[in-house]
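Derivation of every value follows stated rules applied to the coordinates shown; laboratory data play no part. All values derive from a computational prediction rather than experimental measurement. Please note: Cβ atoms are built from the backbone with ideal geometry, for glycine as well, and neighbour counts cover all protein chains shown.
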């Protein structure tokens, strides 16, 4: 989809009444110097310009059109614009798919052509480079800029609120997409990723319509070194709930979305404030080479706060070398301890020369970033605070270390102080946590951009509902045929079971029970024929058929391994601590298929049980290659059998030599009409 004309228009038609006129006024306020045409059937002028009575009277096809008429007329106007081969339309009206069956039909007709349609039910777009505001309301984009952040959101209000920030976060593009009937978030990300005026893309999404296209857009962003920051809201249930599986009890829709974002290096945040802070840092100083930082404050309490909160954000404090510590010490009183975080005390407060020397020595080291905690007075004389601003600006200029100034409270960072810092390319944050999470996000962006491009994940599966669950014996037979290792076994009626060709000790299981252990349907450690006979007699009261198999004895760890189709995202892999305590332990990690061996090793290392797999306190390590091979076979089976909704192995017993599926559940399904 070519969005260049509609997002970078040189001619705009504004169609409608007061909302259309307000949008023209916003263009005038921003200094848009392209052509503006008002369209109204009865009005003779709009915002001081003569109007056209219909789209067909326009001198030529506009690059973009802002359509602010009722929903039925919107369909007619957009059809006329498409016939003219306009560059695209922004549809302000509501009452489409969000309003029921009639609206769904109208929305289908709205996009039934090749012209890009943004909306409906949206505020519109702002191009901060050109001063083009197809936007029927006030906003905070107050000037044309050459380079900054881009924002893509479904919510007009969130977009509006972010433009009105006072932290120096400027936008080259603001795109409010509403229903995403035509132009989707992933389309916009793909277009913006290649625009040199875009330093970073911020996304607020309630839904990702085409996750594979979103992945393709993220790969394009990687190619152009454009970080993406995501605020995901409104996570709803995805995929099929399967009551019999352990995974259904612990799998969370948010984890599957997070797996999508992790795969493509998307920085995720959980609030509008944090979205703004992270965008501001990336737009101001760019991605960081690492998460090592120095912290400066004139208070021991602030230094302790930074130290305590840093661990929660994965921030490391750079170690001062003896030489650097000596340079810092030379700028301060002998009563000051030279540590990082550094409490430089108030002995040099107000002395710009000494502050500059201290800050420069502190920033002139191996740290990837510097954070200065500084709260500004909201009343009274602030004269003694300015030397600190000038000192950190000078230190930043001298060392080139990416720098951020954080206030403890949002109200303690006034606009004049922020504007002075922004002049020297210093970012601001309105809390310590904002600052630290922004540094962590910028470091993550740096790691992502320095690495290879991500591998595109599997296409979104059909939306399926469960129709059949294979019992354990049938499930394991299918897994064995796919190349997985399962124990040797016998199945049959309790009175007919014998252990010929099986090696003791044995495990006996009742068939047809969802959670066999909880029901007393699993007997382990059967040492001989006498024990086997007793076990059969006991299990006969629970089940008409039993499964007897060789017991695995050299277990390093019990794992849960699940692959399941998660509509609309893709096929998810969930690994974690397995066994009967799986729901209680809640030790899982989620990724999307396909997954490389190195990515799988990283996934396993994130688990609490990861240290056990690696060999803990002299105990043998699990055979990692056997685990990765098992998962490769599972992925291949899911690809070969589109009717499989979920495969759960719990536990997969990891030994020093093998990975053995000793219990399994396979759910089959069919496409939901």
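Counting beta carbons within 10 Å around each of 386, 173 and listing the fewest first gives the order 386, 173.
Give me the percent of Cα-Cα pairs in the range 557-671 that sit more than 17 Å apart, rounded to a whole number. Every Cα pair in the range 557-671 considered, those over 17 Å come to 52 percent. The Cα atoms of the range 4-227 define a convex hull whose projected area, averaged across directions, is 11.4 nm².
The listed peptides 220-232, 537-549, ordered by packing as a protection proxy, come out as 220-232, 537-549 (highest mean of other Cβ atoms within 10 Å first). Label-to-label distance for residue 477 and residue 527 is 3.4 nm, based on points extended 7 Å past Cα in the beta-carbon direction. Measure nothing but the geometry: give the 0 to 90° angle between the long axis through the Cα atoms of 529-539 and the longest principal axis through the Cα atoms of the chain, rounded to 10°. With rounding to tens, the tilt is 60 degrees. Set the Förster distance to 41 Å, then compute FRET efficiency between residue 447 and residue 668 from the Cβ-Cβ distance, nearest 0.05. Once rounded, the FRET efficiency stands at 0.55.
For the chain, the convex hull drawn through the C-alpha positions has a volume of 180 cubic angstrom per residue.
Once C-alpha pairs closer than 8 Å and six or more residues apart are averaged by separation and normalised to the residue number of the range 488-550, the relative contact order reads 51 percent.
Relative contact order, whole percent, for the range 557-671 stands at 29, derived from Cα pairs under 8 Å and 6 or more residues apart. Specify the angular offset, from 0 to 90 degrees and rounded to the nearest 10, of the alpha carbon long axis of helix 472-481 from the longest principal axis of the alpha carbons in the chain. It is inclined by approximately 80 degrees. Note on residue 49 and residue 459: their simple-model spin labels are 4.4 nm apart, each label 7 Å out from Cα toward Cβ. Using the alpha-carbon positions of the range 292-450, Rg (one decimal) and Dmax (whole number) come out as 14.6, 47 Å. For the listed peptides 56-65, 322-331, 436-445, 556-565, a ranking on the average number of other beta carbons within 10 Å per residue, highest first, reads 436-445, 556-565, 56-65, 322-331. Available extension along the chain between residue 597 and residue 73 is 183.1 nm, counting 0.36 nm per residue and deducting the alpha carbon span.
Extending 7 Å from Cα along the Cβ direction at residue 308 and again at residue 498 yields two label points whose distance is 7.1 nm. Taking all Cα pairs closer than 8 Å and separated by 6 or more residues, the relative contact order of the chain comes to 10 percent.
Helix content alone sets the calculated 222 nm mean residue ellipticity of the chain: runs of n ≥ 4 DSSP H residues at -39500 (n - 2.57) each, divided across all residues, give -10000 deg cm²/dmol.
For the peptides 402-415, 299-312, the ranking by mean Cβ contacts within 10 Å, running from highest to lowest, is 402-415, 299-312. For the chain, the longest principal axis of the Cα atoms and the long axis of helix 253-263 meet at an angle of about 70 degrees.
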